[in-house]
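The values are calculated or read from the model by the stated rules, or taken from the named source; none is laboratory data. Remember, it's a predicted structure, so these values are computed and weren't measured experimentally. Don't worry about glycine lacking a Cβ; one is built from the backbone with ideal geometry, like all the others, and counts go over all protein chains shown. Ligands, DNA and RNA are excluded from the accessible area calculation, which covers all protein heavy atoms including side chains. Shrake-Rupley method; radii C 1.70, N 1.55, O 1.52, S 1.80 Å.
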Amino acid sequence: MPDALPIFEKFFNKEDAFNYYSIFTDNNLHPELEHPSEFFDAIIGHARSNEYYLLRLASEEFPAAKTILEKEVRLRGIPADHYLREFENNELKNILLDESDWSREDIAVAKILLDERSVSINDFEIQNAKTAQKKNIQAQQKISLPLLTLLYIVAPLGSLIPVVAGLIIYNMKDYDRDGEKNYVYSEDQRQHGLALCAIGVFSTLAWYYFLKS
């Protein structure tokens, strides 16, 4: 089963979701629109919806989609009472340096407002900030200590479970904000995966030859 396309944007408003779906389609992109889904919430005791639309795109279409979205925002114009007009230049720059908490439209608006104010945007600085954010996200992803301990205990017993788990830990990737796949865990955490895999393979072979002899 192929992986789902990375999420380009979440929309809580149906009209906005369908609007950008149409715009991207008209510009020869290939978006997929995932509607809110019903699920049973055991806490509240009845079905509920996740309440948002997911607009998905292939990774290679992200740059074009961002350009098209920014062009659309420029064509519409930014209302005089838009709340981002109250932001100082440094606050607008911070939106571009940390996009994770902002919508695609807000990011486009921040860029356009800085252009209107003749404030230069350092693309190198933005790229460095994105790299630092990716590393920070990886650093926050920790393998459960009880699970890791259990895997290290089981690994010398000749089981393939730690081998499979180790490969998953080492190779697991997920999509980032730019639609690119990055390792979920930091290099330090991924080394546990390699160690578990090596111990598991060595011990499995050792037990095999021991029992065979």
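Quick notes on this one:
- Helix 123-140 axis, angle to the chain major axis (alpha carbon atoms, nearest 10°): 40 degrees
- Nearest-ten-degree value, helix 187-212 long axis tilted from longest Cα axis of the chain: 30 degrees
- Kirkwood Rh, Cα atoms: Rg over Rh of region 77-140: 1.01
- Signed unit charges on C-beta, dipole axis of region 77-140, positive-most listed residue Asn136, Ile78, Ile95: Asn136
- Computed in the context of the full set of protein chains, the accessible area of the chain at 1.4 Å probe radius has 57% of its extent on carbon or sulfur.
- Rh (Kirkwood; distinct C-alpha pairs) - the chain, Å: 20.9 Å
- Normalising the average separation of contacting C-alpha pairs (under 8 angstrom, six or more residues apart) by the number of residues puts the relative contact order of the chain at 17 percent.
- 222 nm mean residue ellipticity, helices alone, for the chain (DSSP H n ≥ 4; -39,500 (n - 2.57); rounded to 500): -17500 deg cm²/dmol
- Placing +1 on each Lys and Arg Cβ and -1 on each Asp and Glu Cβ, with no other charges, gives the chain a dipole about its Cα centre of roughly 980 debye.
- Whole-Hz Karplus values for region 175-185 come out as 6, 9, 4, 8, x, 9, 8, 10, 4, 6, 9 Hz, taken residue by residue from phi with 6.51 cos²θ - 1.76 cosθ + 1.60 and θ = phi - 60°; glycine and proline positions read x.
- Charge tally in the Cβ shell below 14 Å around Ser103, where Lys, Arg are +1 and Asp, Glu are -1, Ser103 excluded: -4
- Averaging 1/r over each pair of different alpha-carbon atoms in region 140-213 and inverting the result gives 13.1 Å, the Kirkwood hydrodynamic radius.
- Residue among Phe8, Val163, Thr204 farthest towards the positive dipole end of the chain, charges placed on Cβ: Thr204
- Nearby aspartates and glutamates by direct alpha-carbon distance to Lys93 (threshold 14 angstrom, same-chain neighbours under 8 apart not counted): Asp101, Asp106, Asp115, Glu116, Asp123, Glu125
- Straight-distance crosslink candidates among lysines, where the alpha carbon sits under 16 Å from Lys212 and sequence neighbours closer than 8 are dropped: none
- Tilt relative to the chain, helix 161-171 - C-alpha long axis, 0 to 90 degrees, to 10: 30 degrees
- A straight Cα-to-Cα reach below 17 Å connects Lys181 with the lysines Lys130, Lys134, Lys135, Lys173, residues fewer than 8 places away in its own chain not being considered.
- A Cβ-based charge dipole, computed about the Cα centre of region 142-212 with Lys and Arg at +1 and Asp and Glu at -1, lands at about 280 debye.
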